[in-house]
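Written below as C-alpha cells is the structure these notes are about.
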Amino acid sequence: MELLFSILVGALYAAGLYMIMRRSFVKILIGISLLGHAANVLIFSSAGLVEGRPPIIPGDAETLASPYADPLPQALILTAIVIGFGIQAFALALIKRVFDATGTDDLDQAERLSPTGPDAPPSAPAGPEPT
Amino acid sequence: MPRFLLILPILVPLITAALCLLAWQRPVLQRVLSFLGTLILFAATAMILRLVTKVDLITVAVGDWSPLFGIVLVADRLSALMLFVAGSIALLISIYEWGAPGKNTMEGSSPIFQILFMGVCGAFLAGDIFNLYVWFEVMLIASFVLMAWGGGSIRLVGSLKYVILNLVASALFLAAVGLVYARFGTLSMADLAQVQLQQGDPIAKGRLIALLFLASFGIKAAIFPFFFWLPASYPTVPAGIGGLFAALLTKVGVYALLRIFTLVFPGEMESLRPFLLSISALTMTLGVFGALAQEEIRRILSFHIISQIGYMIIGLALFTPIGIGGTIFFMVSHIISKTNLFLIGGLVKDLGGSTELRRLGGLFHRHVILGACFLGAALSLAGIPPLVGFWAKLVLIIAGFQSGQFGIVAIAIFVSLLTLSSMMKIWTRVFWGEEKLGEIEPADAPGAAAALRRAVRFIPVFALVLLALALGIFVEPVFEYTLEAAHQMLNPASYVEAVLGTSP
C-alpha cells in the first residue's frame with residue numbers, strides 16, 4: 001500500500017511540475033493545484049498507513065492500543081488543504097486580472113507585451129503604473 | 001509577563017488588521033490605525049529584545065499543551081534580533097507610506113501590510129516546523145497581494161512569476177515536512193534537535209531532507225540557481241513595498257536556513273560545506289554581474305539583493321561562531337542599507353521623474369540631501385568604513401580566513417569591489433554630471449502638499465542613514481550580541497533544555 005502511495009505522490013508531483021512549465025495561465029494554475037495535492041498525499045502517507053483503526057480510545061480502555069492511524073499528519077493535511085485552497089483562489093483572481101490587463105492567456109505573449117524579466121529593456125511600455 | 005510579551009508580535013498586527021478592515025471606508029483612519037499598530041509592534045519587539053538579552057531564551061507553549069506536540073513560540077537571540085529589525089522596518093515603512101505620492105496611493109492596503117508583519121513575526125517565533133510553514137504561507141499570500149495591488153500589466157505579470165515560483169517553493173517545503181515526519185516522527189524543532197544530539201553522527205537519509213529544505217528555503221531566499229524570480233518581480237513594485245520586500249522576505253528565508261541547519265542538521269554541514277560555498281560564490285558573482293548590466297535603479301538594486309544573499313550564505317556554510325555571527329550581523333546591516341536604497345529610489349522617481357539611468361542626471365545639484373543619503377546607503381552596501389556594511393563584510397572575511405577558505409574570501413572581496421563600482425555607476429549617472437531637467441517631470445504634482453509628503457518620506461531615509469552610521473561607529477555591542485547568538489545557535493542542547501525542560 002505504501003508503494004502505491006509513493007508512486008501516486010511521484011506521479012502527482014511529475015504532473016504538477018509538468019503543468020507549471022506550460023505557457024497557459026490556466027494550466028499553470030492546474031499545476032499549482034496538483035503540486036499541493038501531491039504534498040498533501042505525501043504527508044498523509046508519511047506516518048505509515050493503517051487501515052480501519054481510527055485514533056479513538058474505546059469506552060472501556062485507558063489508552064490507545066497501537067497500531068492506530070496517526071492523527072497528526074491528518075491535522076497537518078487539513079491545514080495544508082485550507083492554505084492551498086486560499087492560494088488557488090488568489091491565483092485564479094490574479095490570472096483573471098492578468099488576462100484583463102494583457103488580453104492573453106499565454107505567458108510568452110504576456111512577457112512580450114509587458115516585459116518584466118531581467119533582460120527586459122528599462123523603458124518597458126508604460127501601463128497605468130504607479131511609481 | 002514574558003509569556004504574554006511573546007504573543008504580542010503576532011497578536012498586535014492581527015488586531016490592527018481586523019480594525020483596519022472595519023475601517024474599510026475610511027482610508028485615513030486605516031492609515032492611522034496601521035501606524036499605531038506598527039508603533040505598538042515596534043515597542044513589543046524592543047521589549048522582547050531587551051528581555052532576551054538578559055535571559056537568553058524565552059519560550060511559550062501556546063495553550064499549555066506539551067511542547068512536544070503543541071505549538072511553541074521560541075525567542076532566542078537570533079529570533080529576538082530579527083523581530084526587532086522587522087518591527088523597526090514595519091514602523092519606518094508605515095511612515096514612508098504616509099508620504100506616498102498622489103498617484104501612488106495604496107489605499108486600503110494597510111490590513112495586508114499588517115498581515116505581512118504578522119506572518120514575518122510568526123515565522124521568527126515558530127518553534128515547530130509546520131507552524132513555520134503556516135507563517136511562511138501567511139507572509140507569502142500577503143506579499144502576493146501587495147505585489148499585485150492596483151498594478152498595471154507589467155506589475156501583474158511580474159507578480160504572476162513571483163507567485164508561481166514561490167508556490168513551487170511551498171510545495172517543496174511541504175514535501176520536506178512530510179519526509180521529516182516520516183523519518184523522525186516529530187515536527188517540533190526542539191525534539192528534532194534532541195534526536196539529532198542523541199544519535200550523534202549525521203542522521204541516515206537526513207541529507208535528502210536537508211537538501212529539500214535547502215531547495216525550498218533557497219527559492220525564498222533567492223540563492224543560485226533559484227533567484228530568477230527576484231529581478232523579474234521586485235523592480236515592478238513601488239518604492240515603499242520594494243523596500244519592505246527587500247528588507248524582510250528574503251531574510252526570512254535565510255533565517256529559516258540558519259534555524260534548520262543549526263538545530264536539525266548540524267551533522268550534515270561538514271559534508272555540505274564545499275557545495276554551499278560554491279552556491280554562495282555563484283550567487284554573489286552572478287548577482288553583481290547582473291546588477292552591472294542593468295540600466296534602471298530598481299533592477300540594479302534587485303540584483304544586489306541576490307549578491308548580498310550570497311554573502312549571508314558564506315557564514316552559514318562556514319558554520320563557525322564568527323561565520324554565523326557574521327551572517328546575522330550582515331542580515332541586519334543589509335536590511336538597513338538595502339531598504340534605504342529602495343526608499344531613496346522612490347524619492348528619485350519623485351524628484352527626477354524617472355528611475356532609468358539614461359533619463360536622469362545631476363540630481364545632486366538641486367537635491368543635496370537626497371544625494372548625501374544615497375551616498376550613505378550605497379557606501380554602506382559596498383562596505384566602506386565607518387558605515388555598518390564595512391564591519392559586516394569584514395566579519396565574514398575574517399571568518400573565511402579563520403576557516404582557511406581563501407577562495408571564497410577572494411571572491412567576496414572581488415564582488416565587493418564590483419558592488420562599489422555598481423553603486424558609483426548609479427551615483428555618477430543619477431546624481432552627478434549635468435542636469436537633464438528638460439526631459440523630466442516630477443511624478444507628483446508640485447505644491448505644498450507634495451512637499452510635505454516628500455518631507456515625510458525623508459524621515460525613514462534619514463533614520464536609516466543615521467542608523468547605518470551609528471551602528472558603524474558603535475558596532476561593538478551589536479557584534480557581541482550576534483556572536484552570542486551564534487554561540488547559542490551552535491549549541492542546540494541549550495535550546496532543547498529551555499524548550500522541552502529536559503536535558504537531551
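The values are calculated or read from the model by the stated rules, or taken from the named source; none is laboratory data. Note that this is a predicted model, so its numbers are computed, not measured. Note that we place each Cβ from the backbone using ideal geometry, even for glycine, and neighbour counts take in every protein chain shown.
Okay, residues lined up against (1) at the interface with chain A (Cβ under 8 Å from one of its Cβ atoms); (2) buried (at least 24 other Cβ atoms within 10 Å of the Cβ); (3) modelled with pLDDT under 90; (4) over 21 Å from the mean Cα position of the chain (by Cα):
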residue	(1), (2), (3), (4)
B:Val138	no, no, no, no
B:Phe144	yes, no, no, no
B:Gly150	yes, no, yes, yes
B:Val163	yes, yes, no, no
B:Ala175	yes, no, no, yes
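Considering only region B:160-168, I want to know if a residue exists there that is of a type in the set (Val, Ile, Thr) and within 30 Å of B:Ala455 (Cβ to Cβ).
no
Mind counting the residues in region A:47-106 that are within 11 Å of chain B (Cβ to nearest Cβ), in a loop (DSSP other than H, G, I, E, B) and loosely packed, with under 13 Cβ neighbours inside 10 Å?
Total satisfying the criteria: 1.
Within region B:64-79, is even one residue closer than 20 Å to B:Ile336 by Cβ and either within 14 Å of another protein chain (Cβ to nearest Cβ) or surrounded by fewer than 20 Cβ atoms within 10 Å (Cβ to Cβ) (or both)?
Within region B:64-79, the first condition is being closer than 20 Å to B:Ile336 by Cβ, and the residues that meet it are B:77-79.
Within this subset, residues satisfying the condition of being either within 14 Å of another protein chain (Cβ to nearest Cβ) or surrounded by fewer than 20 Cβ atoms within 10 Å (Cβ to Cβ) (or both) are none.
No, every residue in region B:64-79 fails to be closer than 20 Å to B:Ile336 by Cβ and either within 14 Å of another protein chain (Cβ to nearest Cβ) or surrounded by fewer than 20 Cβ atoms within 10 Å (Cβ to Cβ) (or both).
Against the conditions (1) touching a Leu at 6+ places or on another chain (Cβ under 9 Å); (2) exposed (fewer than 14 other Cβ atoms within 10 Å of the Cβ); (3) at pLDDT 90 or above, where does B:Arg366 fall short? Just the number, please.
For B:Arg366, the exception is condition (3).
Any idea which residue in region A:19-28 is surrounded by the most Cβ atoms within 10 Å (Cβ to Cβ), counting only those that are within 13 Å of the chain's Cα centre (by Cα) and either more than 9 Å from chain B (Cβ to nearest Cβ) or of a type in the set (Gly, Ala, Ser) (or both)?
In this case the residue turns out to be A:Met19.
Taking the criterion of being buried (at least 22 other Cβ atoms within 10 Å of the Cβ), of a type in the set (S, T, N, Q) and either within 7 Å of chain A (Cβ to nearest Cβ) or outside any helix (DSSP H, G or I) (or both), would at least one residue in region B:192-212 satisfy it?
Scanning region B:192-212, I find no residue that is buried (at least 22 other Cβ atoms within 10 Å of the Cβ), of a type in the set (S, T, N, Q) and either within 7 Å of chain A (Cβ to nearest Cβ) or outside any helix (DSSP H, G or I) (or both), so the answer is no.
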